[in-house]
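**Student:** Let me give you the structure first, and then I'll get to my questions.
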Amino acid sequence: MDINNDPLDKAGYCPPEDVWNGRRTQFRNLEAVAVGEGKYGQDSHDQRETLVQELEHAYCAGAWLATVLLAQAVIEITLAFHGYDTSKKREDFLKKYDYDERANRLRLRRNALVHRNADDDVEVSIEQVLFDRETLRHDAKKAVALALNVAFLGLKYPDAFRA
């Protein structure tokens, strides 16, 4: 079954085991790219690790909007844990590794999903959730890749999280 064009991908339904496993493989491949050779140590951080595990589950389940929200949470908790506790510090850090533009787009996307004024248009309609799954899946995959790259920077660069 083609996991990228799955007719069974419907909001609110658990995917079949082969689709779940295919998505898990995709997630693990994105994780392997993020970790690289992993020659440097990384501080253990239980909350980040817990959120990465939940991110994997949301991605495998096809909960695309939840995946975007969790990806942003992984980035925020990783940076906060390492002392990047202001938007300026976070922006400078992400710029150093050329993640600033992608991280800003993800943050704005997350904000549009969870913060809405009465005058604003709906960011994602129920019609999009039901009928435009492929676009949402693509957005989720990009969010996962970015979140994992930020979360595992310490494995690629020895001084990544030494402010």
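**Student:** How long is the gain from S87 to V33 if the chain were fully straight, where each residue apart is worth 0.36 nm and the alpha carbon distance is subtracted?
**Tutor:** Using 0.36 nm per residue and subtracting the Cα-Cα distance, I get 16.8 nm.
**Student:** Student exercise: in the chain, how many lysine pairs 8 or more apart or on different chains have Cα atoms under 30 Å apart?
**Tutor:** 24
**Student:** On a 0 to 90° scale, report how tilted helix 17-35 is relative to the longest principal axis of the chain, with both axes built from alpha carbons and the result rounded to the nearest 10.
**Tutor:** 20 degrees
**Student:** Next question, about the same structure. What value, in deg cm²/dmol to 500, does the helix sum -39500 (n - 2.57) over DSSP H runs of n ≥ 4 give at 222 nm once divided by the residues of the chain?
**Tutor:** -21000 deg cm²/dmol
**Student:** So, counting K/R as plus one and D/E as minus one, what does the shell of residues with Cβ under 10 Å around A145 add up to?
**Tutor:** In short, +2.
**Student:** Same structure again: Ratio of alpha-carbon Rg to the 2.2 N^0.38 Å globular estimate for the chain, to two decimals, please.
**Tutor:** Dividing the Cα Rg of the chain by 2.2 N^0.38 Å gives 1.07.
Bear in mind these aren't lab numbers, they're just calculated from the coordinates by the rules spelled out. Just so we're clear, the structure is a prediction, and the values are computed from it rather than from any experiment. A quick note on method: Cβ atoms are made from the backbone with ideal geometry, for glycine too, and the neighbour counts reach across all protein chains shown.
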